[in-house]
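Engineer: This is the structure I have questions about; it appears just below.
The values are calculated or read from the model by the stated rules, or taken from the named source; none is laboratory data. Keep in mind it's a predicted model, so treat the numbers as computed, not measured. FYI the Cβ positions are ideal-geometry reconstructions off the backbone, even for glycines, and counts take in every protein chain you see.
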Amino acid sequence: MIVVTGATGNVGRPLTQALAGAGGQVTAVSRHAATVPDGVRHVAADLAEPTSLTPALDGAKALFFLLSGDLHAPEARPTDIIDMAAASGVRRVVLLSSQGVATRPLGPSRIAMRAVEDALKESGLDWTVLRPGGFASNALAWAESVRTQGTVAAPFGDVGVPIVDPVDIAEVAAACLLDDRHTREVFELTGPEVITPRQQAEAIAAALGSPVRFRELTREEAKAAMVQFVPPELADDTLDIIAAPNPAELRISSDVERVLGRAPRPFNDWVGRNIAAFR
């Protein structure tokens with residue numbers, strides 16, 4: 001049995017589908033009731049309350065561990081979940097971490113994530129760590145403004161990074177959960193190209209066949225929007241990267257291709273699959 005946390009999210013949903021499609025026994029975990037693929041068990045649990053995960057871990061041999069926004073808060077104890085998994089008989093954990101652990105090691109949220117990585121590596125379990133950069137699906141935050149105003153609003157409009165398609169992350173995670181060749185490895189996951197927010201807006205406009213205006217936000221405006229969903233420390237760390245990416249954050253990684261045997265998907269591919277959200 002493989003347990004997928006965050007199973008209704010941008011990574012968890014395609015991961016659950018990939019594992020179920022490969023014939024695996026899967027338990028999908030989310031905070032609320034959810035529709036899951038046929039044959040997949042669903043368990044409602046809130047990772048901010050680790051004991052709520054106990055029923056999902058019963059009989060599990062592998063765990064995909066995604067830290068929700070709550071688990072990035074200073075008072076959170078995500079390492080308790082690793083301890084619980086080990087005590088429940090889980091033998092393999094794939095952790096969704098962050099590229100910033102390596103590229104911005106002194107950021108407060110990165111220090112906390114490094115502690116989770118270290119706890120996993122010291123747990124005695126088989127482990128794999130995935131460190132993606134920015135997600136293509138972050139563009140969904142623009143969906144309403146595109147639909148209602150024909151506008152994308154974002155900071156640092158002409159600063160790009162090689163954002164990654166969440167489906168690529170999911171497929172790499174599935175490979176790591178199903179194949180022990182990837183044990184005790186750290187994979188940095190990026191897309192195939194550096195792309196700016198302004199260029200993303202242009203890609204959405206091209207797929208829609210109608211104009212999309214770009215409005216540049218100040219850092220303060222962007223942070224005010226972000227802290228509605230993530231802790232302020234994580235918002236600041238993220239904004240530091242997208243304001244002035246360093247050479248490591250601009251590097252296009254070969255790890256998606258190394259695991260999957262194909263190049264990562266470009267942003268245009270993600271837009272094509274998700275254009276209905278912007279109509």
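Engineer: Picking from 222, 174, 205, 244, which residue would you name as being surrounded by fewer than 21 Cβ atoms within 10 Å (Cβ to Cβ) and either aromatic (Phe, Trp, Tyr) or in contact with a Leu (Cβ under 9 Å, 6 or more places away or on another chain) (or both)? Don't jump to the end; show me each part of the working.
Structural biologist: Numbers: 174 fails: surrounded by fewer than 21 Cβ atoms within 10 Å (Cβ to Cβ); 205 fails: either aromatic (Phe, Trp, Tyr) or in contact with a Leu (Cβ under 9 Å, 6 or more places away or on another chain) (or both); 244 fails: either aromatic (Phe, Trp, Tyr) or in contact with a Leu (Cβ under 9 Å, 6 or more places away or on another chain) (or both).
Residue meeting the stated conditions: 222.
Engineer: Against the conditions (1) of a type outside the set (S, T, N, Q); (2) surrounded by 20 or more Cβ atoms within 10 Å (Cβ to Cβ); (3) farther than 17 Å from residue 128 by Cβ; (4) at pLDDT below 95, where does residue 6 fall short? Just the number, please.
Structural biologist: (3)
Engineer: Go through the stretch 170-189 and report how many residues are assigned to a loop (DSSP other than H, G, I, E, B), within 23 Å of residue 16 (Cβ to Cβ) and either touching a residue at least 24 places away in the same chain (Cβ under 8 Å) or touching a strand residue (DSSP E or B) at 6+ places or on another chain (Cβ under 8 Å) (or both).
Structural biologist: Of all residues in the stretch 170-189, those assigned to a loop (DSSP other than H, G, I, E, B) come to 179, 183-184.
Pick out the ones that are also within 23 Å of residue 16 (Cβ to Cβ) and you get 179, 183.
This time we only want the ones that are either touching a residue at least 24 places away in the same chain (Cβ under 8 Å) or touching a strand residue (DSSP E or B) at 6+ places or on another chain (Cβ under 8 Å) (or both), so: 183.
Matching residues across the stretch 170-189 total 1.
Engineer: Here's another thing I want to ask about it. Where the second residue is buried (at least 17 other Cβ atoms within 10 Å of the Cβ) and among the β-branched types (Val, Ile, Thr) and the first is within 18 Å of residue 223 (Cα to Cα) and free of Cβ contacts under 8 Å to residues at least 12 places away in the same chain and lies in the stretch 126-152, which pairs have Cβ atoms under 8 Å and are six or more apart or on separate chains?
Structural biologist: 145/152
Engineer: Name the single residue that is surrounded by the fewest Cβ atoms within 10 Å (Cβ to Cβ) among those in the stretch 86-110 being in contact with a Ser or Thr (Cβ under 8 Å, 6 or more places away or on another chain) and not hydroxyl-bearing (Ser, Thr, Tyr).
Structural biologist: 86
Engineer: Separate question: Counting only residues that are touching an Asp or Glu at 6+ places or on another chain (Cβ under 9 Å) and not in a helix (DSSP H, G or I), which one in the stretch 217-252 is farthest from residue 132 (Cα to Cα)?
Structural biologist: Result: 231.
Engineer: Among the residues of the stretch 253-279, write down those that are of a type outside the set (A, V, I, L, M), surrounded by 15 or more Cβ atoms within 10 Å (Cβ to Cβ) and part of a helix (DSSP H, G or I).
Structural biologist: Across the stretch 253-279, the qualifying residues are 255, 267, 268, 269, 270, 274, 278.
Engineer: Could you look through the stretch 120-169, keep only residues that are outside any helix (DSSP H, G or I), β-branched (Val, Ile, Thr) and closer than 21 Å to residue 18 by Cα, and pick out the one that is farthest from the chain's Cα centre (by Cα)?
Structural biologist: Within the stretch 120-169, the match that is farthest from the chain's Cα centre (by Cα) is 128.
Engineer: Further, regarding this structure: Residues that are of a type in the set (S, T, N, Q), over 22 Å from residue 235 (Cβ atoms) and within 21 Å of the chain's Cα centre (by Cα): which strands (runs of 3 or more DSSP E) entirely in the stretch 19-113 hold 1 or more of them? So that I can check it myself, show each step before the final result.
Structural biologist: On the way: elements: 26-30, 41-44, 62-66, 92-96.
Because the criterion is at least 1 residues that are of a type in the set (S, T, N, Q), over 22 Å from residue 235 (Cβ atoms) and within 21 Å of the chain's Cα centre (by Cα), the strands (runs of 3 or more DSSP E) in the stretch 19-113 that meet it are 26-30.
Engineer: Suppose we filter 20, 33, 56, 45 for residues that are farther than 22 Å from residue 132 by Cα, surrounded by fewer than 18 Cβ atoms within 10 Å (Cβ to Cβ) and either modelled with pLDDT of 95 or more or of a type in the set (Gly, Ala, Ser) (or both); which single one remains? Spell out how you get there, then give the answer.
Structural biologist: Values: 20 fails: surrounded by fewer than 18 Cβ atoms within 10 Å (Cβ to Cβ); 56 fails: surrounded by fewer than 18 Cβ atoms within 10 Å (Cβ to Cβ); 45 fails: surrounded by fewer than 18 Cβ atoms within 10 Å (Cβ to Cβ).
Just a single option satisfies the conditions, and that option is 33.
Engineer: Hey, can you tell me all the residues within the stretch 221-263 that are within 14 Å of residue 156 (Cα to Cα), touching a helix residue (DSSP H, G or I) at 6+ places or on another chain (Cβ under 9 Å) and of a type outside the set (D, E, K, R)?
Structural biologist: Correct list: 222, 238, 239, 241, 242, 243, 245.
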